Amino acid sequence: MNAQAAPEHALPHRGAMRLIDRLLEADDTHIRCAARIRADNPLLVAGRLPAHAGIELLAQACGLLLGARGGHDDPPPAGAIAQVKSFRVRGPDLAVGAGLEIRARFEGGSDQAALFTGEVRHHDRTVLEASLMIARLGDPA
């Protein structure tokens, strides 16, 4: 992946809804990203990020990987979680400021829709693991 795969260039999310901060490493089938929970995160409940909201972090990491596999230029196409095949919360809700690592793996599919597995980690502990089908909603106009 090249520098254009950085979250600010490769995700359609803007402002507080772009939850991924940095791309740490990636290849054609794997991605590892970092995020820090910010006070303006729209998914906070009573000042904390519910562990189940990690599904959006994982979906954004999968979107980065799907976009890089498709080789699309700016602006990136919108995408969505088409299906949650499995989902397991394994950790507590997270405080503002918590640093997270998000890992995802391409399991199969096309550049338009693909199955991914992955996890969200905090201090080397898995907080959430899931299997998601991510689909592109179409190329931007």
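Computed from the coordinates by the stated procedures, all read-outs in this text should not be read as laboratory data. In this text, all values refer to a predicted model and were calculated from it rather than measured experimentally. All Cβ positions, even for glycine, are placed from backbone atoms using ideal geometry, and neighbour counts span all protein chains on display.
Amide hydrogen proximity for ALA82: with H placed 1.01 Å from N in the peptide plane, the residues at 5 or more positions away or on another chain lying under 5 Å are MET133, ILE134, ALA135. Residues whose amide H lies under 5 Å from that of GLU107, counting only those 5 or more places away or on a different chain, are LEU115, PHE116, THR117; hydrogens are built 1.01 Å from N in the peptide plane.
In a shell of Cβ-Cβ distance under 10 Å around ARG88, excluding ARG88 itself, what net charge do Lys and Arg (+1) and Asp and Glu (-1) give? Once all neighbours under 10 Å are counted, the net charge is -1.
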